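Here the structure comes first, spelled out in structure tokens, and everything after it is commentary.
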Amino acid sequence: MTTAGDVPHDDGRGESRAQRADRRWNELLQELRVAQTGTQILFGFLVAVVFQPRFAELGTTDRVIYVVTVCLGAATTGALVAPVAVHRLVAGRRLKPEAVAWAGRLTLVGVVLLYLTMVSTFLLIMRMVLDDGIALWLVVVMALWLALCWFVVPFIARRSGTNGNGNDKAEDGFGPWPR
């Protein structure tokens with residue numbers, strides 16, 4: 001079986017290039033549903049914070065953290081909604097494999113931005129309720145925990161697994177980064 005760029009690839013599913021793109025697109029949609037829901041709730045929370053009476057008590061540092069956090073939240077939302085725009089703008093043009101590849105890249109960017117948004121939000125909240133030293137320590141621990149769960153574990157799994165060809169390299173052109 002051949003795929004993008006006529007690179008032979010058969011992971012035992014017997015899928016055509018189009019079938020693989022359809023499956024990968026559906027998998028990506030499921031991932032995006034989880035990420036988008038959480039991101040939208042978090043961004044809604046961030047927008048509402050500015051209208052709370054206690055917001056006026058924030059010092060300059062906390063206001064800067066807030067602005068950075070809102071900007072990160074907006075960028076996260078943009079990156080995680082972008083795959084929908086990519087798909088819609090190329091639909092019907094026989095570019096689904098390319099759309100899936102771009103959507104995968106944008107989703108990965110969105111996850112990195114979500115990580116930064118979560119850490120920044122956590123920092124803002126911890127600074128409101130705890131002493132700076134304890135807040136910073138907890139933020140570092142949470143940042144490490146999220147990095148472990150979201151990035152380290154998948155990279156370990158990726159390195160230790162194979163793609164069905166007995167090697168670690170995605171050869172079908174659907175991974176988050178081009179070959």
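The values are calculated or read from the model by the stated rules, or taken from the named source; none is laboratory data. Everything numeric in this text was worked out from a predicted model, so none of it was measured. Here the Cβ is made from the backbone with ideal geometry for all residues, glycine too, and neighbour counts use every protein chain on show. The area values use the complete protein model at the heavy-atom level, side chains included, leaving out ligands, DNA and RNA. Shrake-Rupley method; radii C 1.70, N 1.55, O 1.52, S 1.80 Å.
Observations on the model:
- Per the conditions (1) open to solvent by less than 80 Å² (accessible area, probe 1.4 Å); (2) modelled with pLDDT of 80 or more, the sole criterion not satisfied by ARG20 is (2).
- Top-ranked residue of segment 75-98 - restricted to ones that are aliphatic (A, V, I, L, M) and surrounded by 15 or more Cβ atoms within 10 Å (Cβ to Cβ), ranked as modelled with the highest pLDDT: ALA75
- Check on THR162, over 22 Å from the mean Cα position of the chain (by Cα) and either surrounded by 13 or more Cβ atoms within 10 Å (Cβ to Cβ) or at pLDDT below 90 (or both): yes
- Residue count for segment 27-66, restricted to those that are open to solvent by less than 100 Å² (accessible area, probe 1.4 Å), under 26 Å from the mean Cα position of the chain (by Cα) and not acidic (Asp, Glu): 21
- Helices (runs of 4 or more DSSP H) enclosed by segment 78-161 - at least 3 residues per element that are more than 16 Å from LEU32 (Cβ to Cβ) and touching an Asp or Glu at 6+ places or on another chain (Cβ under 8 Å): 96-129
- Residues of segment 34-51 satisfying the condition of being assigned to a helix (DSSP H, G or I) and more than 17 Å from GLY78 (Cβ to Cβ): VAL34, PHE45, ALA48, VAL49
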